[in-house]
Amino acid sequence: MKPKGTVVVDDGARLALGRGKSLLPAGVMQVQGDFGRGDPVAITDHAGQRLATGLIRYTATEARAIAGHQSAQIETILGYPGRAALVHRDDMVM
């Protein structure tokens, strides 16, 4: 599965992913590339080390808009209720 983009996460998200948690928008520092919902993305730390690959639940534009924000803010930012996780743990390979 070749990633169509990259999601760069902070140290807190890196630790959460290591414990088998889903990737939430709050832990995202940067979104790179152009991808759609359901596309594979690489999840990396700030140094570029790949942590996982997963199927993202948002487009690149949506992901950029909600990056760094709490899941409860998604509806306010996007104008519609979204899913709490950018990438659910069930859709991720470490």
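What follows is calculated from the coordinates using simple rules that are stated; it is not laboratory data. Because the structure is predicted, anything quoted here is derived from the model rather than measured. As a convention, Cβ positions derive from the backbone with ideal geometry for all residues, glycine included, and neighbour counts pool all protein chains shown.
Length gained on full extension, Val93 to Arg64, computed as 0.36 nm times the residue gap minus the Cα-Cα distance: 8.2 nm. Against the empirical 2.2 N^0.38 Å (N residues), the stretch 1-43 has a Cα radius of gyration ratio of 1.14.
In this simple spin-label model, placing a label point 7 Å from the Cα along the Cα-to-Cβ direction at both Asp34 and Leu78 gives a separation of 2.1 nm. Here the stretch 5-93 carries DSSP beta bridges of which approximately 80% are antiparallel, counting only pairs with both residues inside. The helix-based estimate of mean residue ellipticity at 222 nm for the chain, built from -39,500 (n - 2.57) per DSSP H run of four or more residues and divided by its residue count, is -5000 deg cm²/dmol to the nearest 500.
So I have (i) 2, 10, 8, 8, 7, 7, 7, 7, 7, 6, 5, 5, 4, 4, 4, 3, 3, 2, 1, 1, 0; (ii) 3, 16, 30, 28, 18, 5, 1; (iii) 2, 12, 20, 13, 7, 4, 6, 10, 12, 9, 4, 1, 0, and one of them is P(r) over Cα pairs in 5 Å bins from 0, in percent calculated from this model. Which one is it? Recomputing P(r) over Cα pairs in 5 Å bins from 0, in percent here gives the entry labelled (ii).
Note on Ser71, Ser22: ascending count of other Cβ atoms within 10 Å places them as Ser71, Ser22, the fewest first.
Loop-located trypsin sites (Lys or Arg not before Pro) in the chain (DSSP state not H, G, I, E or B) with no more than 10 neighbouring Cβ atoms inside 10 Å: Arg19. Of interest is the spacing of the C-alpha centroids, which for the stretch 1-58 and the stretch 61-91 amounts to 13 Å.
Seen from Leu15, the other residues with C-beta closer than 15 Å to its C-beta sum to a net charge of +1, counting Lys and Arg as +1 and Asp and Glu as -1.
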